[in-house]
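Have a look at the structure that comes next, please.
FYI, it's all coordinate maths here, none of it is from the lab. Just so it is clear, the model here is predicted, and its values are computed rather than measured. Every residue, glycine as well, gets a Cβ built from its backbone with ideal geometry; the counts of neighbours run over all protein chains shown.
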C-alpha cells in the first residue's frame, strides 16, 4: 500500500475531524482538526494502518498567528515501507494535548522535549518533566519570543545565568564578509 492510500484510509475513518490529504514533494500529511482526538487517530494509524514507528514528534511556533503551535507526528510503517505525517494545532490558551505514549513508547522523550522547549503539556504522559533544561527554569527556549542571546535566571548555582555576550546569538553570522572566517560570530568580538 502507498502512503497516499494509507492517508486516504485514515481520512475516510476520521472524515469529520481531518483535513484533505496534502501532498508535497511526494510526502503526505493529514491535519487533525480536533486536538483531543490525536491519541485515538494515532492508535488507529498504528493498529489498523501498521504505522508501527513514531519517527519524530516536533513542534512549530506560529508566533503571532492563531493557533500558536502546530505539533507534527512523523510516522513510519515497516510493513508498507511508507511515511505519513499528522499535524494538529494547539492554541496558546490551552497548550495541552493527549499523550501518545500509550501508542508508541518512543513518544515519551519526544513529548518531554516538546514540553521542555515549547511549554506544550501532554495529558496522560507518565513522567512529564524537563529533559534538557533544569527543573524550575521558567522559560521555553524554542519559542519565537525567546531571545537568541538567552535570558538571565535566578539560579546561579545550577547553570550559566547570564545572556551570552554575542550580539544576536552565537549562531548568527554576518553575510557581508568576504570570507568564512569573517562571518564567524567570534571574529566580531575581539575580547574573546
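Please work out the C-alpha center-to-center distance from region 124-140 to region 63-79 and express it in whole Å.
20 Å
When the chain is fully extended, how far beyond the present Cα-Cα distance does residue 60 get from residue 152, taking 0.36 nm per residue of separation?
Working: separation 92, 0.36 × 92 = 33.12 nm, distance 2.44 nm.
In short, 30.7 nm is gained.
Take the Cβ-Cβ distance between residue 121 and residue 70 as r, set R0 to 22 Å, and report the resulting FRET efficiency rounded to the nearest 0.05.
0.90
Between residue 19 and residue 5, 0.36 nm times their residue separation minus their Cα-Cα distance comes to what? Walk me through the numbers on the way to the answer.
Numbers: separation 14, 0.36 × 14 = 5.04 nm, distance 1.51 nm.
Gain on stretching residue 19 to residue 5: 3.5 nm.
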